[in-house]
Amino acid sequence: MFSSNEIPSGLLKPSFEEKYRKMLGNEYGEFLSFLAKRTRKSIRINKMKGKKEDIIALLSEDGWNLKEIPWYSYGFWIEPQAEGIGNTIAHKLGLIYVQEAASMVPPVVLDPKPGEFILDLAAAPGSKTTQISEMMEWRGVIVANDVSPSRINALSSNVQRMGCINVVISRADGRRIYRMYGEIFDRVLLDAPCSSIGQVRRSWEALKRWNQNLVERISVLQKSLAIAAYKALKPGGLMVYSTCTFDPEENEFVVQSLVDKGAEIVKSKIPGMRTREGLVEWNGVKLDDSLAYTHRIYPHLNDTEGFYVALIRKVPV
Ligand SMILES: C[S@@+](CC[C@H](N)C(=O)[O-])C[C@H]1O[C@@H](n2cnc3c(N)ncnc32)[C@H](O)[C@@H]1O
C-alpha cells in the first residue's frame, strides 16, 4: 500500500481536503506527502529491566542499529526497517516496547514522578501506561483503565511482559471514573479515542472512515471523558489530554471545554521536537489565547506520526 509516495486518488474526500488545507495553510502539501510515507520504526527501552547500553548491545549483536529520539532518552529509531523486532528475545522479555516516536510524547509532557498516584483513563494497549510506569521506576500506583475487554487483554499482557508492578488494571467507562475514585490523582493521562488521522502513515483506514459527522460524534465523547479525567485530579493536579488526530473539534475545542470549567493550560516544552501552536480560532469561533500553549505535532515536522498534546492544571477552587 505504501509503494508510491502519494495517497491513492479517491481516498481524500473533498471535505477533508478543504478543512485540512485551511488548517495547514502553505504546509498542506508537505503534510500530505508525509501522510503517504511509511513511518520510521521505533522502540522504547525498558530501563527497569536492564542498562540502556546492555540492551543496545544485545540488539546490535542481532544487526539492529539504534538512533536516539531527542524527546525521550529511552526512545530509539531502529534500522533496518524490517519487521521482526517483535519476535526478538529482547521483545519477549520486555526489554523493549515497539512504540511510535510521537506516541512517547504525552508521558514526557505528563512527567510522572516515582511514588505518585496516576490515572491512565483510556490505556489500552498500554504503550503509554508502560512508559509511565518506567518513568515512575515502578514506584507509586497507576490505575490503567479502558472500556474495551479485547483491548484490556492486550493491555494486561503488555503490562505483564514489561514487568510493571505498579499498574492496576480497571475496566470501566471512563466517563464514570470520577464516581469510582473521587478527586485523588496527582496526574491523569487522557489519550483519547479519536478519528486517528495522525496514524494514516500506518494504514489508510482512518482516511477512509473520516467524515465531519464522525469527528463531531467523537468530540462529544472526548469532552465527556475530558471532564471525567479533570474531575478525578486532586486540586492542583496535572492532566495531559492527547489525541492522534488534528481536527480542532477533537483537540482545542475539547481543551476549551475544560478551560470553560476553570482549568488552566500550562506551557510545556518537548525537547528536540518541532511543533505548531494550538489554534486559538477556528471557523470564526475564538478560543482562549492559552490554547496556543498546546502542541500540534504534524508528521512532516519531525518525520513521525501525528499527535496533539495539551498540559492542563486543575485550579483549586
Ligand atoms: C488512543 S487509544 C489509547 C491508546 C493507549 N493510551 C496507548 O498508548 O496504548 C484510545 C482508547 O480509548 C478507549 N476508550 C474508548 N471509549 C472509552 C470510554 N468511554 N472509556 C474508557 N476508554 C475508552 C479505547 O478502547 C482505546 O483503547
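The values are calculated or read from the model by the stated rules, or taken from the named source; none is laboratory data. Every value quoted in this text rests on a predicted model; they were computed, and no experiment measured them. Cβ placement follows ideal geometry from the backbone for every residue including glycine, while neighbour counts extend to all protein chains displayed. What goes into the accessible areas is simple: the full protein's heavy atoms, side chains included, and nothing from ligands, DNA or RNA. Shrake-Rupley method; radii C 1.70, N 1.55, O 1.52, S 1.80 Å.
Which count do you get for residues in the stretch 103-128 that are crowded, with 23+ Cβ neighbours inside 10 Å and without any contact (Cβ under 8 Å) to a residue 60 or more places away in the chain? Looking only at that region, the number is 2. A single entry from E53, E27, E17 fulfils the requirement of being loosely packed, with under 11 Cβ neighbours inside 10 Å, in a helix (DSSP H, G or I) and of a type in the set (D, E, K, R): E53. Total residues in the stretch 87-102 satisfying the condition of being open to solvent by 30 Å² or more (accessible area, probe 1.4 Å) and within 15 Å of the ligand (Cβ to nearest atom): the figure is 1. Scan the stretch 213-246 for residues that are part of a strand (DSSP E or B), open to solvent by less than 60 Å² (accessible area, probe 1.4 Å) and of a type outside the set (A, V, I, L, M) and jot them down. Once the filter is applied, which keeps residues that are part of a strand (DSSP E or B), open to solvent by less than 60 Å² (accessible area, probe 1.4 Å) and of a type outside the set (A, V, I, L, M), the stretch 213-246 yields G236, G237, Y241, S242, T243.
Which of the residues spanning the stretch 67-86 are buried (at least 19 other Cβ atoms within 10 Å of the Cβ), away from the ligand (no atom under 16 Å from the Cβ) and in a strand (DSSP E or B)? If the condition is that a residue be buried (at least 19 other Cβ atoms within 10 Å of the Cβ), away from the ligand (no atom under 16 Å from the Cβ) and in a strand (DSSP E or B), then F76 is the only one that fits. So which residues in the stretch 267-312 are surrounded by fewer than 16 Cβ atoms within 10 Å (Cβ to Cβ) and under 18 Å from L189 (Cα atoms)? Result: K267, K269.
Just one of the listed residues (S170, S148, S157) is surrounded by 15 or more Cβ atoms within 10 Å (Cβ to Cβ) and within 18 Å of T130 (Cβ to Cβ), namely S170.
Candidates are the residues of the stretch 212-222 that are under 18 Å from the mean Cα position of the chain (by Cα) and within 12 Å of the ligand (Cβ to nearest atom); the one that is nearest to E252 (Cα to Cα) is Q222.
Selection of first residues in the stretch 160-178 that are in contact (Cβ under 8 Å) with a residue 24 or more places away in the chain and of second residues that are acidic (D, E), restricted to Cβ pairs under 7 Å at least 6 apart or on distinct chains, gives the following pairs, ordered by first then second residue: R171/D146. Set side by side, the residues D62, D111 differ, and just one is modelled with pLDDT under 95 and acidic (D, E), which is D62.
Considered as a group, the residues in the stretch 129-144 that are open to solvent by less than 10 Å² (accessible area, probe 1.4 Å) and under 16 Å from D186 (Cβ atoms) include one that is farthest from the ligand (Cβ to nearest atom), and that residue is M136.
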